[in-house]
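Asks: Structure provided below as structure tokens; questions to follow.
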Amino acid sequence: PYTTLFRSLEYVPVSAMDTMPIDAWSGFWVQVSRNLDILFPPSPGQPSPPATMTMTVDPLRYYLVSAPLIPGNGDQSAVFGDDIGGSPEVEWRVSKYNYQTGSFQRHTGTGSIPGVIPGRGFWLYVNLETQKTLGVTGSPVNQSSDYALKLLANGSSWTNHMIGNPFPYPFRTRL
């Protein structure tokens, strides 16, 4: 159903993903040729996740990110902007790939693109000269069952999606 996963700007064959951990906060690309439910099985024996998770971002760099918790407010301004400061389009940018149009949608204000949820990937760009620490406060996805993410095909031969690790710990795919 899918052949290649993309981590940031690096192409990785799906067969190699079972040996590569996907860190908390990390996003990646997936190509599907039909509608597909991706199941993320939790790793047994993980410690209880904290209520707040942080990530340090370097200046003037793109990150493919996914939230490791279910945020209380999933709007990009609440998840990213409150820690970076300033306004979208100036000090920071968040973009979501629209699989139906094959183009990117940029966050320009509340509700302009789908909200942040675990498993959904976003491009984040920090347009500042200093390092920043992002924090998201929320609750973890259910740790006792698989976390499902529905990926829809757009009718073409391949459809791209930005997804990510929905867990607050490194995740290893099981192929």
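The values are calculated or read from the model by the stated rules, or taken from the named source; none is laboratory data. All values derive from a computational prediction rather than experimental measurement. Positions of Cβ are generated from backbone atoms using ideal geometry, with glycine treated the same way; all protein chains shown enter the neighbour counts. SASA here: full protein model, heavy atoms, side chains in, ligands and nucleic acids out. Shrake-Rupley method; radii C 1.70, N 1.55, O 1.52, S 1.80 Å.
Asks: At 7 Å along Cα-to-Cβ for each site, give me the label-to-label distance between residue 133 and residue 70 in nm.
Replies: 2.7 nm
Asks: Subtract the Cα-Cα distance of residue 103 and residue 51 from 0.36 nm times their separation in residues, and report this length gain in nm to one decimal.
Replies: Gain on extension, residue 103 to residue 51, equals 15.3 nm.
Asks: Do any trypsin sites (Lys or Arg not before Pro) in the range 73-175 lie in a DSSP loop with no more than 16 other beta carbon atoms within 10 Å, and if so, which?
Replies: Working: sites: 93, 96, 106, 120, 132, 150, 172, 174; in loops: 172, 174.
Listed in order of number, the matching sites are 172, 174.
Asks: Let me ask something else. Please give me the summed charge of the neighbours of residue 87: other residues whose Cβ is under 14 Å from its Cβ, Lys and Arg +1, Asp and Glu -1.
Replies: Taking every other residue near residue 87 into account, the sum is -3.
Asks: Calculate the spin-label point distance for residue 146 paired with residue 82, positioning each point 7 Å from the Cα along the beta-carbon direction, and give it in nanometres.
Replies: The answer from the label model is 3.3 nm.
Asks: Summarise the accessible area of the range 22-175 (1.4 Å probe, protein heavy atoms) by the percent that is carbon and sulfur.
Replies: Answer for the range 22-175 is 49 percent, counting heavy atoms of protein chains only.
Asks: A further question on this structure: How much length, in nm to one decimal, is gained on full extension between residue 58 and residue 157, taken as 0.36 nm per residue of separation minus their Cα-Cα distance?
Replies: The residue 58-residue 157 span can extend by a further 32.0 nm.
Asks: With charges only on Cβ, +1 for K and R and -1 for D and E, what is the dipole size of the chain about its Cα centre, in debye, rounded to 20?
Replies: Dipole size: approximately 400 debye.
Asks: What residue among 140, 107, 158 has its Cα farthest toward the positive end of the dipole of the range 60-168, where the charges are +1 on Lys, Arg and -1 on Asp, Glu, each on the Cβ?
Replies: Sorting the options by dipole projection puts first 158.
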